[in-house]
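The structure under discussion appears below in the form of structure tokens.
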Amino acid sequence: MDLPALALIRPLPPSRVGKVTETTNIDGTPFVYEVEEQEIFVAPSNPQKAFLLQKLIVQQGGGVEPGAIVFRIGYYTIAHKPRARGKWAWGQFAAMMTPVELKIIFKKMEEKGWLE
């Protein structure tokens, strides 16, 4: 079975709502957050990609106060490498941003006419 067809029948990754993640920032300091809400959907333009939208509650680190809300826009792709071939694989890099930063991003995109 080819990979595009596989993406259409492969179940999306499970929800991470309620899960706490402990990781480190690039400077080595701790960063802990909980997934409060999420939405995941297959990209209309590419059935081998799924977008993940998450609302996170920061517990520690991240340059914000504990309890702050940040958003993450991430993605999964159907893997091609032998170890994970045909499975959803997390896109390694995903930006996290505060509500204010997200508004700025959308405002700039609207000003450029990118959202029309």
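Worth pointing out:
- Segment 73-104 - residue that is of a type in the set (S, T, N, Q) and closer than 22 Å to Ile57 by Cα and, of those, surrounded by the fewest Cβ atoms within 10 Å (Cβ to Cβ): Gln92
- Among the residues of segment 47-70, those that are aliphatic (A, V, I, L, M) and not in a loop (DSSP other than H, G, I, E, B) comprise Ala50, Leu52, Leu53, Leu56, Ile57, Val58, Ile69, Val70.
- Taking every residue in segment 30-57 that is within 24 Å of His80 (Cα to Cα) and pairing it with any residue that is of a type in the set (D, E, K, R) and part of a strand (DSSP E or B), at least 6 positions away or on another chain, the pairs with Cβ-Cβ distances below 8 Å are Val42/Lys49; Ala43/Lys49; Leu52/Glu39; Leu52/Arg72; Leu53/Glu39; Leu53/Arg72.
- Extreme residue, farthest from Glu36 (Cα to Cα), among residues of segment 86-116 that are in a loop (DSSP other than H, G, I, E, B) and touching a residue at least 60 places away in the same chain (Cβ under 8 Å): Gly86
- Every condition in (1) surrounded by 12 or more Cβ atoms within 10 Å (Cβ to Cβ); (2) closer than 15 Å to Pro13 by Cβ is met by Phe41 except one, and the failing one is (1).
- Residue match in segment 21-37 (condition: exposed (fewer than 12 other Cβ atoms within 10 Å of the Cβ), among the aromatic types (Phe, Trp, Tyr), on the phi < 0 side of the Ramachandran plot and assigned to a strand (DSSP E or B)): no
Throughout, read-outs are computed from the coordinates displayed, never taken from laboratory work. Please read all numbers here as calculations on a predicted model, not as lab measurements. Positions of Cβ are generated from backbone atoms using ideal geometry, with glycine treated the same way; all protein chains shown enter the neighbour counts.
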